[in-house]
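So the structure is just underneath, and the comments pick up after that.
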Amino acid sequence: MTAALRTFLFRRRGGERWHWTDVVTWVWLVGGTILMFGPALWLVGSSFKSPAQLAEFPPTILPYVSRTVVVPGQDKPLPLYVVKLDNGETREMAEIRRIGIMAQMVDPAKPTEIVRVNIQSRTPAREIGLALSNYTEPFTHFDFLTYLGNSVFVTAVATLITLITNSMAAFALSKYQFRGRNAVMLLILATLMVPLSVILVPLYSIISAVGLFNSLWGVILPTVATPTGVFMLRQYMLTIPDELMDAARMDKASEWQIYWRIVLPLTAPALAVLAIFSVVWRWNDFLWPLIVLSRKELYTLQVGLNTYAGELNVQWHYILAMTVVTMIPVVLVFVFLQRFITTGIAGSGLK
Amino acid sequence: MAEVMRKAGAMLTAPFAWAAAAIDRPLRALQNAAGTNGMAAFFLAPNMLIFGLFVLLPLVINIAYSTTAGTALFLPDRTFVGAEQYQRLLTCTDYTDPKSCLEDQFWIALRNTALFVVLQVSLMTVVAMVTALILNREIMGRSFWRAVFFFPVLLSPVVVGLIWRWILQRDGLLNAALLQVGLEPHVWLTDRFWAFAAAVGVSVWAHVGFYALILLAGLQAIPKDLYEAAEMDGTRPGRVFWRITLPLLMPNLLVVIVLALIRAVQIFDEVFVLTGGGPGTSTLFLTQYIYEIGFASLLKNPGLASAASILMGSVLVVLTLIQLAVARRNEAKGRRE
């Protein structure tokens, strides 16, 4: 194990001694790991801190919660403090009440003996623990569940429609000879890079004209006819031999059956890639939902989060927790499928 | 293998088999009427309908829209003013000073975007290049390191903006770290210079993994024997990079630069969440300008926003044409080799 680790750590460029490029490599990789994962981890860690702890500066690395203790004779659990007494002794004591700068403290072991302590000479007793209320409260108090539902609906429906319409178009463009096929291809290619920001204003008026303003369908429909998807699926379908179709036609299969039962199953790998991308794209969409949705109960997660963060009194403890929930699907995709995606991107330059 | 894939695909489509079966009979009737090739129109229809209504039509309407004025939403209700919106956007007494322009916000956004594009694309290209070169070395766990740099690419712009806002805020991690090493804390996002620097840095952080991957694919396509020959001749590594790696990587590098340019011109989401365009107008970019003028501000003027988006769109069209030309040349080259 150690030998393997040593050869791993001290692998060098050719020769015996460390080359400067080896140093650069490891500094870059380790530094890169900290820089790329660190911020997200810091966010996750912070999301488990109580509001009081979030306001602390400098911040602690780990989240802590205040310890409490049940003292006989008191109806509620009391917060514990480490108290420095006048005689130099330090003791853990519970606070009964606080008046001004003086607190009435009691030793849990001796519940009848009340000591008055200056609040300057005590610090809260804390232990590592998670403020899970950051996560549970947004679910009950805010519209968070609504936002989550909206985001799931938009992502799922948009991805389904994208897969069906794009694969149908790709099927037509790869398996049929018809007049204007090249024109259609060219049209799709030409708009491959027309970004939403360029057609924002007229698209908004069209969405309003067809009555989809303030509707989740208004968020979904403009995004589903993605040229990238059509192009990608078409390239893949071109590799499926036409003989399969001819054989099916001999067996009196309809064109629809050929599409559904032969070509679509064979296109599964490309469809999977498109599905993953579509999920990530639609889940992350921000600008378009921001414009189409003006009623709070229709907000998607991204829009809702931004609204919370934009409010005057930013409640970071809720925002951080909700941001973490927003990250979850994307992190899952990353963990399970990153190898698949990274090779896919490197091969096609797709995004 | 193909059989396995087919089975997996069939399993995925199975839950919807009832729907597919239900429309098969009417579609057979259609096929009998239209012929086999006529079915192409049927398969194209859904996508082209959505595409036409929500991509092509807006593109065309945009041009008409930009020649009209007023706050009315629908084109027929708007008054035709010709090139007036463009004149408003492009009129300045002193083109070096945005304040002297009729639409000073547009010029500020334009200047900010230009500066952003230059800085962000050059920084990102260099970082992506170094990362790709390092990932291309024979290191252990290469796919892990590759994933490390790719991770932020999948995050949503809102999440990216919030992560960095949390770190760069007054009581944030960066200031705590500075305090640790004995330096003065600073207010990063409310300082004009640093807010802009943060916009550049954060967008590089969020996207560099994607471009590093494209470059890495290019590096891995360079034949190994070229390097072996160079090593045999005792060529120094620096020289190998300039004489072998860089020339052979040029097609991928060009793709990366043009794609990054196209992306950078449209920068909006992550910066909007990070700084909201501020402090003042120091991180106001073109897309946000269009958004504010078209939708968000009290002085709503969709015609002006339309004209601005067409100006921005024309830059993007030029960049896209360059990109397609580069891609085509690469493809032609690939065939020759």
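The values are calculated or read from the model by the stated rules, or taken from the named source; none is laboratory data. Please read these numbers as outputs of a predicted model, since none were measured by experiment. Quick reminder, even Gly has a Cβ in these numbers, built from the backbone with ideal geometry, and neighbours come from all protein chains shown. The area values use the complete protein model at the heavy-atom level, side chains included, leaving out ligands, DNA and RNA. Shrake-Rupley method; radii C 1.70, N 1.55, O 1.52, S 1.80 Å.
Odds and ends about this structure:
- Translational diffusion coefficient (Stokes-Einstein; Kirkwood radius from C-alpha pairs) of the range A:83-122 at 4 °C, 1.567 mPa s, in µm²/s: 128
- The mean number of Cβ atoms from other chains found within 10 Å of a Cβ in peptide B:208-218 is 4, as a whole number.
- The apolar share of the surface of the protein assembly as shown, taken as the fraction of accessible area on carbon and sulfur atoms (1.4 Å probe, ligands and nucleic acids excluded), comes to 65 percent.
- Amide proton proximity set for A:Glu92, modelled H, under 5 Å, gap of 5+: A:Val83
- Chain B: relative contact order as a whole-number percent, Cα under 8 Å and 6+ apart: 23
- Distance (nanometres) between label positions extended 7 Å along Cα→Cβ at B:Val118 and A:His19: 3.7
- Compared with the alpha-carbon gap, the fully stretched path from B:Ile322 to B:Leu49 is longer by 95.4 nm at 0.36 nm per residue.
- Surrounding net charge for B:Asp171, when Lys and Arg each add one and Asp and Glu each subtract one, Cβ distance under 13 Å: +2
- Nearest-0.05 FRET efficiency for B:Leu174 and A:Gln177, computed from C-beta distance (R0 60 Å): 0.50
- Taken one residue at a time, the phi angles of the range B:14-31 give Karplus couplings (6.51, -1.76, 1.60, θ = phi - 60°) of 3, x, 9, 4, 4, 5, 4, 5, 5, 8, 5, 5, x, 5, 4, 4, 4, 5 Hz. Gly and Pro are set to x.
- For chain B, the spread of Cα positions along the three principal axes, ordered from largest to smallest, is 77, 62, 41 Å.
- Taking the centroid of alpha carbons for each part, the range A:15-79 and the range B:153-225 are 18 Å apart.
- Projection of the Cα convex hull of the range A:246-322, averaged over all directions and equal to a quarter of that hull's surface, yields 8.2 nm².
- Shape of the range B:1-52, Cα gyration tensor, a/c cut at 1.5: prolate
- Overall, the range A:190-328 carries a charge dipole of about 200 debye about its Cα centre when +1 sits on the Cβ of Lys and Arg and -1 on the Cβ of Asp and Glu, all other atoms neutral.
- Rg ratio (alpha-carbon, reference 2.2 N^0.38 Å) - the range A:297-337: 1.33
- Helical segments meeting 27 Å axial Cα length and Kyte-Doolittle 0.5 threshold in chain A (DSSP H): A:20-46, A:144-175, A:316-348
- Label-point gap, in nm, between B:Val181 and A:Leu186 - each point 7 angstrom along Cα→Cβ: 5.7
- For the range B:211-263, the percent of C-alpha pairs falling in each 10 Å distance bin, counted from 0 to the bin holding the largest distance, reads 24, 47, 23, 6, 0.
- Computed over chain A, Cα set: Rg, Dmax in Å: 30.0, 100
- Global geometry of the protein assembly as shown, whether rounded, prolate or oblate, following the gyration tensor of its Cα atoms and the 1.5 cut on a/c: prolate
- Three-way shape call for the range B:24-146 based on the alpha-carbon gyration tensor, with the a/c threshold at 1.5: oblate
- Mean separation of Cα contacts under 8 Å, 6 or more apart, over the residue count of the range A:246-333: relative contact order %: 18
- The alpha carbon centroids of the range B:248-280 and the range A:174-191 are separated by 30 Å.
- Taking a straight line from the alpha carbon of A:Lys76, these lysines sit under 21 Å away, with near neighbours fewer than eight places off in the same chain left out: A:Lys110.
- Two-site FRET efficiency, A:Ile128 against A:Phe37, from Cβ-Cβ distance with R₀ of 30 Å, rounded to 0.05: 0.90
- Largest to smallest principal axis extent of the C-alpha atoms in the range B:85-183, angstrom: 60, 36, 26
- The range A:158-307, relative contact order [Cα under 8 Å, separation at least 6], %: 38
- Cα-projected label distance for B:Arg243 with B:Arg111, points at 7 Å along beta-carbon direction, nm: 4.7
- Around B:Leu284: net Lys/Arg minus Asp/Glu count, Cβ-Cβ under 10 Å: 0
- The trypsin sites (Lys or Arg not before Pro) of the range B:143-185 that meet both conditions, a loop assignment by DSSP and at most 14 other Cβ atoms within 10 Å of the site Cβ, are B:Arg170.
- Close amide-amide hydrogen proximity is noted between A:Met105 and A:Ile96, A:Val115, A:Arg116, A:Val117, each under 5 Å apart and 5 or more residues distant or on a separate chain (H modeled in the peptide plane; Pro and chain starts excluded).
- Residues of the range B:56-77 falling in the label zone of B:Leu90, defined by backbone nitrogen less than 15 Å from a point 7 Å along Cα to beta-carbon, are B:66-67.
- Cut-off under 5 Å, modelled amide H: who pairs with A:Leu80 long-range: A:Arg67, A:Thr68, A:Val69, A:Ala125
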